[in-house]
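In what follows, a structure is listed as structure tokens, so that the remarks can point back to it.
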Ligand SMILES: [Ca+2]
Ligand SMILES: [Ca+2]
């Protein structure tokens, strides 16, 4: 029994850990709560889904945590044949996606640019990704360095797993937040959340089986 209160139903994302930038800036996912093995994160959530966006000047330590660039997760392209950054998102159930929003840094004077291209593949079981990917090419912006949210429309794609590939435009890709929108029709208010909680509590109390509460449509 489980009622997901996450509006987007995201259970976890798997990806390579963010990298070190210079002597004192770590672009890692500091709050990731899954497993970390050999620089790879899997089975958890962290800074890409904490609703906190980074500010343009990634070097500021605005929460005084002693961690510059805290809100950002970044990867560097240090080889000519560097593969795109791959992030795999797992959802609570198959979803009919409508868009993806990625909050990106574009401080090109510091070798950071928004991805050149993003590709998204969809899967129901997590093993096979079939069908044409959703592709978005981002026009290089060499004028404005402000961090921004890039919105990628997703037309008619359903899946429980999404594989996202981000292709390098510059030496660094830095992102701070990723949000998927899917065809959810009911918004979760505190009242509804409380009702679901009571429902699940009483159903377990009286052994009347598992309440199959369909929150999403
Ligand atoms: Ca964040
Ligand atoms: Ca970070």
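Derivation of every value follows stated rules applied to the coordinates shown; laboratory data play no part. Source: prediction; values computed, not measured. Note: ideal-geometry Cβ built from the backbone for every residue, glycine included; neighbour counts use all protein chains shown.
Here the extension length gained between residue 127 and residue 139 equals 1.1 nm, from 0.36 nm per residue of separation less the Cα-Cα distance. From the Cα gyration tensor of the stretch 10-185, with a ≥ b ≥ c the square roots of its eigenvalues, which class applies: rounded if a/c is under 1.5, or else prolate if a/b is larger than b/c, or else oblate? Judged from the Cα gyration tensor, the stretch 10-185 comes out prolate (a/c at least 1.5, a/b above b/c). A Förster radius of 22 Å, combined with the Cβ-Cβ distance separating residue 30 from residue 83, puts the computed FRET efficiency at roughly 0.35.
Cβ-to-Cβ counts within 10 Å put 102, 87 in ascending order as 87, 102, the fewest first. Ordered by the number of other Cβ atoms lying within 10 Å of each residue's own Cβ, fewest first, 58, 26 fall into the sequence 26, 58. Label positions at residue 111 and residue 93, each projected 7 Å from the Cα along the C-beta direction, are separated by 4.7 nm.
Among 165, 24, 37, the order by Cβ neighbours within 10 angstrom, fewest to most, reads 37, 24, 165. Shape class of the stretch 13-84 from the Cα gyration tensor (axes a ≥ b ≥ c, square roots of the eigenvalues): oblate, since a/c reaches 1.5 or more and a/b does not exceed b/c. Summary of packing: across the peptides 130-137, 89-96, the per-residue average of other C-beta atoms within 10 Å ranks them, highest first, as 89-96, 130-137. Here the stretch 41-92 and the stretch 109-141 have alpha carbon centers that stand 16 Å from each other. The calculated FRET efficiency for the pair residue 11 and residue 63, based on their C-beta separation and a Förster distance of 30 Å, comes to about 0.65. Of the peptides 103-110, 139-146, the order by per-residue mean of other Cβ atoms within 10 Å, starting with the highest, comes out as 103-110, 139-146.
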